[in-house]
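> Here's a structure for you.
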Amino acid sequence: MPASVYDEPSAQHEQQRAQRLRKTARWILGVGTAVMMALGLVLLFLLTVATNNRQLYEDYYVWLFGLNVLVAGLLLLVLLWMGGRLLQRWHQRKFGSRLLLKLATIFALVGVLPGALIYTVSYQFVSRSIESWFDVKVEGALTAGVNLASVTLDAMANDMANNTRNASTQLGEVSDAGAGLVLERIRDQLGAIDVVLWNSAGVAVASAGESLLDLSPERPSAQVLRSLRGSQRPLTSIEGLDDDLGVSGTVDLSAVRVRVLVAVPNAQLGLLTGNRFLQATIALPATLVSNALAVQEAHREYQERSIARQGLRRMYIGTLTLSLFLAVFGAVLLAVLFGNHLAQPLLLLAQGVRDVARGDLTPKAVSLTRDEVGGLTRSFALMTQQLLEARTAVNQGVQEVQAARTNLQTILDNLTAGVLVLDAQWRVVIANPGAAHILRSDVAALSGQTLASLPTLGSLAAMVDAQFAQFFEARSAGVVTPRWQNVFEFLPQLPEAETAGEVPQDKITLVVRGAVLPHDQRLVVFDDISEIVSGQRSKAWAEVARRVAHEIKNPLTPIQLSAERLAFKLSGKLPPAEEALLQKSVKTIVEQVAAMLRLVNEFRDYARLPPAVLQPVDVNLLVQDVLQLYTEEGVLVPVHMDLDTHCPRIAADPGQLRQVLHNLVQNAQDASLQRAQAEGVAVQPVCLSTQWNATTGRVRITVTDSGCGFPEALLQRAFEPYVTTKPKGTGLGLAVVKKIADEHGARVDLSNRLEGGVVKGAQVSLSFAPAESGS
């Protein structure tokens, strides 16, 4: 089995394997890209969240930014790799590279240009927004708010301090043991949370409020006690407004703590020992404390961010830039991927179109997508399959037509009849070898020319034109006939190799039929029926000769016997004159009866000519044997020989061929003698020659005389019985020659010898085929 039978499945297997590898590579690339895109989106989300959370932003910004830069770099590497592959395909001029590059460029521009525009606007917006946050008016308003809160708290603390000092006068005359009840009353008056009475040693003497349950209340420091003894002014402190407390949100614990020295009247100075100090803790209003803390916190954050606003600006712009890079890289990557995905069906379709343009109608690959482009590839593959089936059917039809044409040509080549196909301008379209053989002309060389362009075919062309004109005229008149037929006599032009300068042979009889073909073409079919006509004539004359011989021969003998008996009975009984007349008449009757008998015998011989028994014959030896009878002295017309020593043996019947040669030589002698006597000139010898023509493969026997030749009217009928130029000839000699030649398959040519346009005699030629070798 040929190797190609095994190569085709192997090639298909390799192609399927390559497709699977490409599909796997695309799948891995798609999954990797999706993972990187998802990771980038997650990191971008975390970066956005961190931006809103200042502490988280400060702690993890570097890590988040680094991870996002890493993802962006990976995306950039993937883009560079895919772009490099596209450029490599474009430089290698691979099919579809320009379309892929164009689609990638379009999608990339669609993603980059809007992103760049948005980035520019966002950059300006962020820059100006951050600058607008740190306006002078905003900073002054925050400072004023902080000052206002401080002044308000200070005023409230002073007021509470004055109230507490006034209330401390109630303890001036009260001993330590009775101070508890007074403290309760003072607590109610002041609306304090807690009231404690301290001695000079910093020990709690009495208390009211929350400190009653406290076993070890917080004592004032020695510095505070010294300050109270030295200045005798109340000391106030606002507690719960520090940073830690404010940040923790314990607004309810914010209060004003007032410490005053208890004044002692002079009368009681001796009864009390040492100084005592009153400490009152009065809660501040929650709304006031909350507003103060808010203003203080806002002012602090404003100062911090004002100091770090350049870094904050860089952080926001960096986040925006990184987001832009991720978006642009992702858009370009998706553009390349989706462009490739969109271009693949178009490339399959374009490749299929190129293959079909080259004539390749093998099954085409289709896209597995369910969109319109995929449907288009499937439709194109179906159309290609239908085209392949149509071309296969057309090729099969063409092969059938070619086979039919070959068969028709073979039939035409082997037809003995001539076939001509003419177009509407009477130009030859088809001519079979039979036409060239019958017309003795190279009709095939006239392809594209008219029959009339060959002078020898002018009469035939005129007859065909006239017949078709009558045919079309009859059709126009409503007489529909499938074809026309006519019998036509045609004078062919023999090849030079056969004529050898001689006058062309006699006319041949053609039966010509014509019909109209599709596409306005004309069909002309003709047969050479010359042999048939000649055979029919010979057969008819043979039948006539047989009947004439039968009818005439029977009464001739009684006539001769009756005339001889009459002469015998009347001999010596009549007067001399009458007896002389009787003898003369009887003699005439007997001579005419004898002549009639000879004529009847010739008719009998013509009618009863036996079939030829062909055998190899040396024509030169046979000619020499026959001419021995014409070389005796005293012969009126001598016979000369001109023999070709290269003549091969011919297939002939020796007896019948002798008869042919005798008839032709005798006719030639009679014609030469008749002209010499008529013109009173010396008799010219008769010439009998043989010639081998290697071109035609025939042996020619030619007999020429110097007689008067044949009239033009008799040339066409010279081989018919009873056609003769002799005064006493029967006209059966040439008829017998023609009949014997037909039996031998030989061709007989009869013509006048012309010299300078003057007839110098006649010649008869017989062309025989050589005998088969070994026979």
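> Hey, can you tell me all the residues within the range 629-685 that are of a type in the set (A, V, I, L, M, F, W, C) and more than 21 Å from residue 737 (Cβ to Cβ)?
If the condition is that a residue be of a type in the set (A, V, I, L, M, F, W, C) and more than 21 Å from residue 737 (Cβ to Cβ), then 635, 636, 676, 678, 681, 682, 683 are the ones that fit.
> Here is a further query. Return the residue satisfying two criteria in turn: it lies in the range 318-368 and is of a type in the set (S, T, N, Q) and assigned to a helix (DSSP H, G or I), and of such residues it is modelled with the highest pLDDT.
Here the answer is 351.
> Return the total of residues in the range 369-406 being outside any helix (DSSP H, G or I) and either surrounded by fewer than 10 Cβ atoms within 10 Å (Cβ to Cβ) or polar (S, T, N, Q) (or both).
Looking only at the range 369-406, we keep the residues that are outside any helix (DSSP H, G or I), and these are 369-371.
From what's left, either surrounded by fewer than 10 Cβ atoms within 10 Å (Cβ to Cβ) or polar (S, T, N, Q) (or both): 369-370.
Of the residues in that region, 2 qualify.
> Within the range 199-209, can one find any residue that is within 17 Å of residue 281 (Cα to Cα) and either in contact (Cβ under 8 Å) with a residue 60 or more places away in the chain or under 60 Å from the mean Cα position of the chain (by Cα) (or both)?
Yes: one or more hits.
> Is one or more of the residues making up the range 586-599 at pLDDT 80 or above, assigned to a helix (DSSP H, G or I) and either under 60 Å from the mean Cα position of the chain (by Cα) or not hydrophobic (A, V, I, L, M, F, W, C) (or both)?
Scanning the range 586-599 turns up at least one residue that is at pLDDT 80 or above, assigned to a helix (DSSP H, G or I) and either under 60 Å from the mean Cα position of the chain (by Cα) or not hydrophobic (A, V, I, L, M, F, W, C) (or both).
> Report yes if residue 516 is modelled with pLDDT of 80 or more, in contact with a helix residue (DSSP H, G or I) (Cβ under 9 Å, 6 or more places away or on another chain) and not assigned by TED's automatic domain parsing to the domain that holds residue 752, otherwise no. Walk me through it before giving the result.
Working: modelled with pLDDT of 80 or more: yes; in contact with a helix residue (DSSP H, G or I) (Cβ under 9 Å, 6 or more places away or on another chain): yes; not assigned by TED's automatic domain parsing to the domain that holds residue 752: yes.
Yes.
> Of all residues in the range 146-181, which are assigned to a helix (DSSP H, G or I) and charged (D, E, K, R)?
The initial filter retains those residues of the range 146-181 that are assigned to a helix (DSSP H, G or I), namely 146-171, 179-181.
Matches in the range 146-181: 154, 159, 165.
> Which condition number in (1) at pLDDT below 80; (2) surrounded by 13 or more Cβ atoms within 10 Å (Cβ to Cβ); (3) closer than 14 Å to residue 282 by Cβ is the one that residue 186 fails?
(1)
> Also, quick follow-up: In the range 657-693, which residue that is in contact with a His (Cβ under 8 Å, 6 or more places away or on another chain) and without any contact (Cβ under 8 Å) to a residue 60 or more places away in the chain is farthest from residue 640 (Cα to Cα)?
692
> Go through the range 663-684 and give me each residue that's aliphatic (A, V, I, L, M), more than 13 Å from residue 760 (Cα to Cα) and buried (at least 18 other Cβ atoms within 10 Å of the Cβ).
Selection gives 664, 665, 673.
> Moving on to the next point. Please work out if residue 653 is closer than 21 Å to residue 624 by Cβ and surrounded by 16 or more Cβ atoms within 10 Å (Cβ to Cβ).
For residue 653, the condition - closer than 21 Å to residue 624 by Cβ and surrounded by 16 or more Cβ atoms within 10 Å (Cβ to Cβ) - is met.
> Given the conditions (1) at pLDDT below 75; (2) within 48 Å of the chain's Cα centre (by Cα), which single one is not true for residue 105?
(1)
> Would you confirm whether any residue within the range 41-62 is in a helix (DSSP H, G or I) and either at pLDDT 75 or above or under 51 Å from the mean Cα position of the chain (by Cα) (or both)? Before the answer, list the steps.
Filtering the range 41-62 down to residues in a helix (DSSP H, G or I) leaves 41-52, 54-62.
So of that shortlist, the ones also either at pLDDT 75 or above or under 51 Å from the mean Cα position of the chain (by Cα) (or both) come out as 41.
Yes, the range 41-62 contains at least one residue that is in a helix (DSSP H, G or I) and either at pLDDT 75 or above or under 51 Å from the mean Cα position of the chain (by Cα) (or both).
> Additional query: Restricting the search to the range 447-481, which residues are assigned to a loop (DSSP other than H, G, I, E, B) and over 17 Å from residue 512 (Cβ atoms)?
448, 449, 477, 478, 479, 480
> If I ask for residues that are surrounded by 13 or more Cβ atoms within 10 Å (Cβ to Cβ) and of a type in the set (Gly, Ala, Ser), which ones from the range 446-457 would you list?
452, 453
The values are calculated or read from the model by the stated rules, or taken from the named source; none is laboratory data. Worth saying up front: this structure is predicted, and the values here are computed from it rather than measured. Because the Cβ atoms are built from the backbone with ideal geometry, glycine has one as well, and the counts that use them run over all protein chains shown.
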